[in-house]
């Protein structure tokens, strides 16, 4: 019966966790601004390459959720466009035209023209014109109003008609004008009114955040050890001999024209087909788009790998205008490190400096756990006897004074007390250090270290402990009073039992509930720390990390701590509920 | 009917008189109530108690009341007379003037009098009763205006919590798990049409809504209401379709909605969230504004109230007068909110009193950390934080902290007093 109750309680725990994680995930997604650039002081230093690297480190190259609910006009691959502003512009253009194909072409032509402008040689006659071209083109990425786009295009036209040396750029510009005309002419607005649900599968940001995209059960350790050896193998030839056993990831790179710039197309029609044969056994792979072409396979030492690549026929508009060239293909050792293990396996992602969040949190967790453990022990040691004593002396002067005192203590905000203590005991009287945990001189013995730390921890520990001490004492008193008024206590006394036995054996056991309740709150307080105390006393625990992260817009750290706190709160409630049912058999297992 | 309602009025008056009597027996709680009254007075009349303009003055043979005038000006009704625009009233030669007890605004810096100690005489007009901060801003004025901010946060946040809590608690408690029955087909169609309605009303119109926001708030509200109208209109379809389809026996079979389970689960989720941490995060994301602080604290404060109301309504719905209302054919809505809820509210006030204390504490803590409250606003928590910059400025730590402490304490005391007064078990 008890077991079934616990099982049921755990089953309820799962949907609650899912809902909370969804809320936190949504909050994260609705923070204004580009998630790639969050927390960075100056955005000028971010080149396209760094931008894309960051974009991938945050797993933003995956769809947001398992499914999306949009109109038919939207493609299912918008998430592959890294820049948020460009994505927003594209979305608006899609809603205006209802035609994704045309919108996409228009955008790609802008990109192509940008590249052509970058490649164009500048001389004294056209240098300023090129700059103006670049600025105007860049503005087109943000422009959605038809009249404004037309005005920009007219401006560009003027530049071309007045500068003869830019004739080389005329063709891309004509393409741009054509693409815009096509976008205006081929509207399929009805698509905007057809709702669709698109399924994105398990490889999405939410799933990766919580569960990770690294397989839960396989022999990945083996692969990790030999990662660098093969990474340098570049292949011009199509046959490679494998030197070590392991998983390999084959990633061909396709670049547009001769230029090195990376084009991220979201066009589904550009599928890449390639075949990987291992010792005669071949398997073919198909990719979703040009960038994400990859094949992961297992090969043994000495295996001959034959790789053949072919492109599926391209869509008409592409064949007319552009050619794809196959740039360097390489065999990369498949590096499972790039994959996320997910929140539940202790991988909290990366912060804005691309450091693993779990490492940042790890540094703070020691101090928080230390202080909260000490605090809990102190709380129980003092408040239980105090509460019981107060309840026994109910109505006396001692009880009245004690109750008033505890009530005042309970209402005292601990950030005020901490400030006052620092001001008077620390600053004015100089009895206590006011900040940090103290410097440990080199070669200090354990005793010395401990005494320095203890000296620094006295005030924080006091401020950390007294609110819960006051709370628990009051609860204990209330619970004890309730119990002592019951008939069975009277019976116990009538039986002639010693007062001590009556109080501790009969009374105490039945007023355990508040103690368990406080115990349930230990876990969440460990994680979020007592923010005030840590911040005021400069203790590098979880609370301080959280506040620093909030001030630095370091949201991966913030949400990791929030999620961790929520998780542990729920675990705390779960444990408390189970303890309740063990302590008090009257609680029904419904 | 008239005499009947009179009778119930009298009875309810008697009930409240009894509660008041019980409450008054608790001297501490009674004292706390007087302090709250006093603090509310300060909060309401903050502009008259601390202002750099006179309350009443005679200038060039005309009588003015600059404090009142400022209200009309900020509402856009009145206008300063030309010679008084941008005047420093302290240098104005007036024939007669009644000044506020504290002649400063909390936000006006004065670089000639930084870190003035409390009660010390100073050369200019008006004493700095409680000293000044690092910019020479008057602490007493900050305390007075901080009272207003603290009280408005407490009241507005708890107001929001109150409405959410009472509404959800009532529905869950009144209907329970088995009293709200709807036919299978109605449930199915409504679930089906809900995303559709959302799609056509809000997603398709997202550009219209976004553009209208740029035009003016009024157009946005208009467009939003239009969207809402679409939403309701589309949801009418499934409910109209239900009428004929209900006749089919399988589709028309009634199932009960487990509203109580849904609410209990929902409360469990909200309670599991580390509220302070989440408030910190949300406020850090949202723009710094005292209204955001109020709203967010309010949005997380309702579970206690909902639990109280739910428990009360579960008792009340079994009472005869609710059955009578049902028998008379009153709608659920009318029975719930007109007859049941007013009788379930008294225990809610306990929760509200504690909630106000908690909300004020959270606001003070947030502004102490410098999160959420705009930089040009002076609150108790902010004053307290200023003391960390100068360890000799003890008055910056003592007075605002004491104000927070007293306010939190008196609301807690009121909560305790109400618990004793409303709970007949404790009466002896």
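The values are calculated or read from the model by the stated rules, or taken from the named source; none is laboratory data. Every value quoted in this text rests on a predicted model; they were computed, and no experiment measured them. Glycine also receives a Cβ, built like all others from the backbone with ideal geometry; neighbour counts cover every protein chain displayed.
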| Within the stretch B:109-126, is there a residue that is at pLDDT 80 or above, assigned to a loop (DSSP other than H, G, I, E, B) and surrounded by 12 or more Cβ atoms within 10 Å (Cβ to Cβ)? | no
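Can you tell me which of B:238, B:244 is closer than 23 Å to residue B:175 by Cβ, more than 13 Å from every other protein chain (Cβ to nearest Cβ) and not in a strand (DSSP E or B)? Show your work before the answer.
Working: B:244 fails: closer than 23 Å to residue B:175 by Cβ.
After ruling out the rest, the residue left standing is B:238.
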| said: Pairs needed: first member in the stretch A:62-83, within 14 Å of chain B (Cβ to nearest Cβ) and over 22 Å from residue A:97 (Cα atoms); second member anywhere, at pLDDT 80 or above and surrounded by 17 or more Cβ atoms within 10 Å (Cβ to Cβ); C-beta distance under 9 Å; at least 6 residues apart or different chains. | reply: A:67/A:200; A:67/A:204
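Hand me the list of helices (runs of 4 or more DSSP H) wholly inside the stretch B:340-422 holding 1 or more residues that are within 13 Å of chain A (Cβ to nearest Cβ) and surrounded by 22 or more Cβ atoms within 10 Å (Cβ to Cβ).
Details: elements: B:341-344, B:346-369, B:380-386, B:394-422.
Hits in the stretch B:340-422: B:346-369, B:380-386, B:394-422.
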| field | Residues within the stretch A:539-556 that are within 11 Å of another protein chain (Cβ to nearest Cβ) and either farther than 14 Å from residue B:369 by Cβ or not in a helix (DSSP H, G or I) (or both), tallied | value | 5
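One line per residue, one yes/no per condition, for (1) modelled with pLDDT under 90; (2) surrounded by fewer than 18 Cβ atoms within 10 Å (Cβ to Cβ):
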{"site": "B:147", "(1), (2)": "no, no"}
{"site": "B:158", "(1), (2)": "no, no"}
{"site": "B:163", "(1), (2)": "no, yes"}
{"site": "B:208", "(1), (2)": "yes, yes"}
{"site": "B:211", "(1), (2)": "yes, yes"}
{"site": "B:230", "(1), (2)": "no, yes"}
{"site": "B:243", "(1), (2)": "yes, yes"}
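Tell me whether the stretch A:440-450 contains one or more residues that are over 22 Å from residue B:408 (Cα atoms), in contact with a helix residue (DSSP H, G or I) (Cβ under 6 Å, 6 or more places away or on another chain) and not in a helix (DSSP H, G or I). Spell out how you get there, then give the answer.
Quick first cut of the stretch A:440-450, residues over 22 Å from residue B:408 (Cα atoms) only: A:440-450.
When the remaining residues are screened for being in contact with a helix residue (DSSP H, G or I) (Cβ under 6 Å, 6 or more places away or on another chain), the result is A:440.
In the following step, the residues that additionally are not in a helix (DSSP H, G or I) were identified as A:440.
Yes, the conditions are met somewhere in the stretch A:440-450.
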| remark: Checked pairs for the stretch B:13-41, first free of Cβ contacts under 8 Å to residues at least 24 places away in the same chain, second part of a helix (DSSP H, G or I), C-beta under 7 Å and 6 or more apart or across chains, list as B:24/B:30
| query | Somewhere in the stretch B:222-230, is a residue within 30 Å of residue B:349 (Cβ to Cβ) and under 27 Å from the mean Cα position of the chain (by Cα)? | reply | no
| query | within 14 Å of chain B (Cβ to nearest Cβ) and surrounded by fewer than 19 Cβ atoms within 10 Å (Cβ to Cβ): does that describe residue A:92? | reply | yes
| field | Members of the stretch B:271-315 found to be within 14 Å of chain A (Cβ to nearest Cβ), over 19 Å from the mean Cα position of the chain (by Cα) and assigned to a helix (DSSP H, G or I), listed by number | value | B:271, B:272, B:277, B:281, B:284, B:285
| said: I'd like to know if the stretch B:214-232 contains one or more residues that are away from chain A (no Cβ under 14 Å), assigned to a helix (DSSP H, G or I) and within 25 Å of residue B:335 (Cβ to Cβ). | reply: yes
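For the stretch B:247-268, indicate whether the set of residues that are farther than 30 Å from residue A:9 by Cα, touching a helix residue (DSSP H, G or I) at 6+ places or on another chain (Cβ under 6 Å), more than 11 Å from chain A (Cβ to nearest Cβ) and not in a helix (DSSP H, G or I) is non-empty.
Yes, because at least one residue in the stretch B:247-268 is farther than 30 Å from residue A:9 by Cα, touching a helix residue (DSSP H, G or I) at 6+ places or on another chain (Cβ under 6 Å), more than 11 Å from chain A (Cβ to nearest Cβ) and not in a helix (DSSP H, G or I).
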| request: Could you list, in sequence order, all residues of the stretch A:22-41 that are more than 9 Å from chain B (Cβ to nearest Cβ) and assigned to a loop (DSSP other than H, G, I, E, B)? | output: A:33, A:34, A:35, A:36, A:37, A:38, A:39, A:40, A:41
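Against the definition (surrounded by fewer than 18 Cβ atoms within 10 Å (Cβ to Cβ) and out of contact with any strand residue (DSSP E or B) (no Cβ under 6 Å at 6 or more places or on another chain)), how does residue A:72 come out, yes or no? Before you say what the answer is, go through the steps one by one.
On the way: surrounded by fewer than 18 Cβ atoms within 10 Å (Cβ to Cβ): yes; out of contact with any strand residue (DSSP E or B) (no Cβ under 6 Å at 6 or more places or on another chain): no.
So residue A:72 does not fit the description; no.
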| task | Within the stretch A:95-116, identify whether any single residue is within 14 Å of chain B (Cβ to nearest Cβ), assigned to a loop (DSSP other than H, G, I, E, B) and more than 21 Å from residue A:354 (Cβ to Cβ), and answer yes or no. | result | yes
| Sole residue being more than 13 Å from every other protein chain (Cβ to nearest Cβ), under 37 Å from the mean Cα position of the chain (by Cα) and surrounded by 16 or more Cβ atoms within 10 Å (Cβ to Cβ), chosen from A:402, A:386, A:457 | A:457
